[in-house]
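Working notes for the structure below.
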Amino acid sequence: MVLNALEVHALARRYRVGWLGRTRTALAGVELVLAPGESLGLVGPNGSGKSTLLRILAGIERPSAGSVRVFGAQLGERAARRRIGYLPDGFPFPTELAPVAVLELLGSLHGLARRERRRAAAELLARVGLAGEARTPLGRFSLGMQRRFGLCQALLHRPDLLLFDEPTAGLDAEGYVVLDELLGEARARGATLVLASHVALELEQHCTRTAVLVAGRVAASGATAELVGDRGRLLALYREHTARPPRG
């Protein structure tokens, strides 16, 4: 039996905000299923829950309700965590350390042997154009360099499920090319992709399916070429978001 790469059922995330303890809903009953090798785009207005969903799928944040399984394993299990590669929208890595040190640590946490993680780190840093900065503290990196390093750490252990949040943010033209190459190679070896982006071309190039998140819910889903290409439909869904904010 072939296991689904990702199964998300009734996923919800609620936050308490303010001293009165009011509740804000970031996700409300999200349902997703991806087979191995599928590629899903996430699109939606700011505040619709895209980054929250990816953080939960990556194990960074806990849901308020619902469940997530990665290749049949519960999200919190080591078997699931080792198969996930996550590129966040921010830069949570220790800025006082150099890329080689951070990749060495992350490779060890992923269970890679020393020779394997050093080889993979050197190869990826060269691919993204950071070989000459391998021992430069991350705090000295520009935004574009930070995003390139983010690609390295996400792909270091050849994960089976890639979670990318706005991967082209801050990248120059050369960075776009490198991203396209690395994503193409990952998909060619069968990796599953979930990519959040506001860039239609990026979704059309890398994702066969797209889900539209509106007010924490999947408002529509379908073939990327049809859904993302219908600007009028997307605009109508976005307006629904501003007309009906999430309920707590």
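The values are calculated or read from the model by the stated rules, or taken from the named source; none is laboratory data. Please read these numbers as outputs of a predicted model, since none were measured by experiment. Here Cβ is always computed from backbone atoms with ideal geometry, including for glycine, and neighbour counts include all displayed protein chains. Please note that ligands, DNA and RNA were not included when accessible areas were found on the heavy atoms of the full protein model with its side chains. Shrake-Rupley method; radii C 1.70, N 1.55, O 1.52, S 1.80 Å.
General observations
- Put a plus charge on the Cβ of each Lys and Arg, a minus charge on the Cβ of each Asp and Glu, and nothing anywhere else: the dipole of the chain about its Cα centre is then about 940 debye.
- Highest GNM mean-square fluctuation among Val218, Val102, Val17, for the chain modelled with Cα contacts below 10 Å: Val17.
- Structure-based [θ]222 nm, the chain - -39500 (n - 2.57) summed over DSSP H runs of at least 4, per residue, nearest 500: -10500 deg cm²/dmol
- At the residue level, Arg233 shows approximately 110 square angstrom of accessible surface with a 1.4 angstrom probe and all protein chains present.
- Computing volume of the Cα convex hull per residue in Å³ for the structure here picks out one of [x] 178; [y] 135; [z] 125, namely [y].
- Inter-label distance, nm, simple model (7 Å from Cα along the C-beta direction), Ala236/Asp180: 3.3
- Taking every DSSP beta bridge that has both ends in the chain, the antiparallel portion is near 60%.
- Stretchable slack from Ser64 to Arg115, in nm (0.36 nm times residue separation minus alpha-carbon distance): 14.4 nm
- Accessible surface comparison of Glu226, Glu133, Glu174, Glu181, probe 1.4 Å, protein chains only, largest first: the order is Glu226, Glu174, Glu181, Glu133.
- Ranked order, Ser221, Ser142 - accessible area, probe 1.4 Å, largest first: Ser221, Ser142
- Protein-only accessible surface at a 1.4 angstrom probe places the residues Thr95, Thr136, Thr210 in the order Thr95, Thr136, Thr210, largest first.
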